[in-house]
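Laboratory data are not the source of any read-out in this text; all were calculated from the coordinates shown. On a predicted model such as this, the values are computed, not experimentally measured, just so you know. Here the Cβ is made from the backbone with ideal geometry for all residues, glycine too, and neighbour counts use every protein chain on show.
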Amino acid sequence: MMIQSDFLGKMKSAIGSKSRGDLFQQGNLIPAKRVKIDLEEVIHSMDSFRFTPPYVEIVMKNFPYLHYETCPFTPVNKELKDCKVALVTTGGLYIEGEQKPYDMEREKQDPGWGDPSYRIIPRNAPREKIKIAHRHYNKSGARKDINVLFPLDRFGELESNGEIGSLSENHYSFQGNIPNTHDIILRFGVEVAIRLRIEKVDLVFMTPA
Amino acid sequence: MIQRLIEDAGISTIQVSLMPYVLERLLVPRAVAVEYPFGFTLGKPGDRVGQMQIIREALRAVKTIEKPGTVIELPYRWVCEETDDPQWYDGKYFKPPEERRISTQSKE
């Protein structure tokens, strides 16, 4: 398909001549083992498109997905009560006054582009200052209670109960679920992976929008 | 996907997902799926008990999932009151409740 070939071409040109191994060696990362997957026929008990506007179903069913045969896997060797946990979300959070919001103007003009950058959200940020810049979901719940997307308070309670080892100081927020970010997210995704590795995080809890 | 990059770096991850349809096509190491609207991933705002339930199920799944690409679908369902509260159904993001469809979605 034309769309799929352009997509992969863009991705290859964005990565350039450096291989994945070079990118990881810069941060002293050890790549995890890749496991080959065989998917049989899948039966779902839930409907992914129950609450979405109709255009989402059409886009998702016709999107040229990249075909993966393997999947990285890092087994957890520690008990949960010794793990350090960090949160990563794609809900488009940022801190008002200290960080720039995501680029909504350019997204309106160019629908195939999504802002791939991330923001660092510290654990003790004042909750009134955490704002959201994202165009494609209902933000009323997250404005009332940020724990719906980014459960900082809940993990604080788990830490004081002793169910997890500790909660990391810095958490990360990306923006959007937009197709064009795949060729640039490798840069920002690898940066976040390196930062998490420097902070010696054991487990990452991810929530989409 | 960000989750694959972080797992490749040697850090375990788990995702609370709202669309297992996409996870079937983009394989992810560990995931837990919930049928909630976008923007309400862990439940209703202020619902401390419901949020903790989903978080605890996800943390339990970190240990129990052995094969990457597994998605555990949780039985929690979005409960709306009979009288349509316009707060939840604003026409743009939500449709009124319909009967849940059970479908077979194979890899095509």
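Report the full-extension gain for the segment residue A:68 to residue A:129: residue separation times 0.36 nm, less the Cα-Cα distance, to one decimal in nm.
Result: 18.1 nm gained on full extension.
Just checking the output field for B:60-70: average partner chain Cβ neighbours within 10 Å of each residue's Cβ?
4
Residue by residue through A:64-74, how many Cβ atoms from other chains fall within 10 Å of the Cβ on average?
6
Whose amide H sits under 5 Å from the amide H of residue A:166, counting only residues 5 or more places off or on another chain, with H placed in the peptide plane?
The list, which skips near neighbours in sequence, is A:83, A:84, A:85.
Put a dot 7 Å past each Cα toward the Cβ at residue B:78 and residue B:49; how far apart are the dots in nm?
Here the answer is 2.2 nm between the modelled labels.
For peptide A:197-206, what's the mean number of Cβ atoms from other chains within 10 Å of each residue's Cβ?
Numbers: counts 4, 0, 1, 1, 3, 3, 6, 10, 8, 13.
Rounded to a whole number, the mean comes out at 5.
So how do A:163-175, B:7-19, A:63-75 stack up, highest first, on mean other-Cβ count within 10 Å?
Ranked from most to least packed, the peptides come out as B:7-19, A:163-175, A:63-75.
Taking amide H positions as placed in the peptide plane 1.01 Å from N, state which residues far from residue B:69 in sequence (5 or more) or on other chains have amide H under 5 Å from it.
Amide H neighbours of residue B:69, under 5 Å, 5+ apart: B:28, B:30.
For residue A:98 and residue A:198, calculate 0.36 nm times their separation in residues minus their Cα-Cα distance, and state this gained length in nm to one decimal.
Roughly 33.7 nm would be gained on extension.
Rounded to two decimals, what is the ratio between the C-alpha radius of gyration of segment B:2-76 and 2.2 N^0.38 Å?
Expressed relative to 2.2 N^0.38 Å, the Cα Rg reads 1.09.
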